[in-house]
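The values are calculated or read from the model by the stated rules, or taken from the named source; none is laboratory data. Since this is a predicted model, take the numbers as computed values, not measurements. With ideal geometry, Cβ positions are generated from the backbone for all residues, glycine too; neighbour counts draw on all protein chains shown.
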Amino acid sequence: MDPQEVPALSAESRRVFAPRREFPAPSGSARLVSRVKPDYFETVNTPLLTPRRIALAYTVALTADAIQVLLGPLGWMPFDEILDVIAMILTCVLIGFHPLLLPTFLVELIPIVDVLPTWTACVAVVVALRRKQQQASAAPPPVSNAPGVIDV
């Protein structure tokens, strides 16, 4: 049969022969969320880690934690929160945003818990994860020795 002789499918036929979906298509804001890749937070604003960036991030974290220890467990409430906002922004600028920064920021809002060195611990974990991620992406592809190829 010639392809030009095949009649066009009617709307009803297209509906019957269309592949079935298990779930209905998302609508509204769910459609926007469904477009986000699982590794979205790993690729957003992730600067290359340099020794200078790492040192500055640790300096910001250690300074924020030291000031909060000096202010005491109850500290000066507004100054303490402003310090946390500044530490969060500077950390994001220096080592990039990571989802672990959000719980750290929220924990810092709890009056007595904010004396713990949470910013320093979070920077250490994020730097370790970023280094591991950058080393994995910078690794050369595996070399295959095909038969008849001499590796010099």
Show the residue pairs meeting these rules: Cβ distance below 7 Å; 6+ apart or different chains; first residue within region 70-85 and closer than 17 Å to Leu116 by Cβ; second residue modelled with pLDDT of 85 or more and among the polar types (S, T, N, Q). Gly75/Gln68; Asp80/Gln68; Leu83/Gln68
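Considering region 122-152 alone, what residues qualify as being at pLDDT below 70 and surrounded by 12 or more Cβ atoms within 10 Å (Cβ to Cβ)? Even if it seems obvious, please write down each step before you answer.
Keep residues of region 122-152 that are at pLDDT below 70, which gives 139-152.
Passing the criteria: none in range.
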Assuming Ile110 fulfils every condition listed in (1) of a type in the set (Val, Ile, Thr); (2) modelled with pLDDT of 85 or more; (3) assigned to a loop (DSSP other than H, G, I, E, B) apart from one, which condition is it? (2)
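Matching residues to (1) over 21 Å from the mean Cα position of the chain (by Cα); (2) closer than 21 Å to Val127 by Cβ; (3) buried (at least 19 other Cβ atoms within 10 Å of the Cβ):
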residue	(1), (2), (3)
Leu49	no, yes, no
Val60	no, yes, yes
Asp65	yes, yes, yes
Leu71	yes, no, no
Pro78	yes, no, no
Ile86	no, yes, no
Leu90	no, yes, no
Leu100	no, yes, no
All positions within region 113-130 that are over 15 Å from the mean Cα position of the chain (by Cα) and assigned to a helix (DSSP H, G or I): Val113, Asp114, Val115, Thr118, Trp119, Thr120, Ala121, Ala124
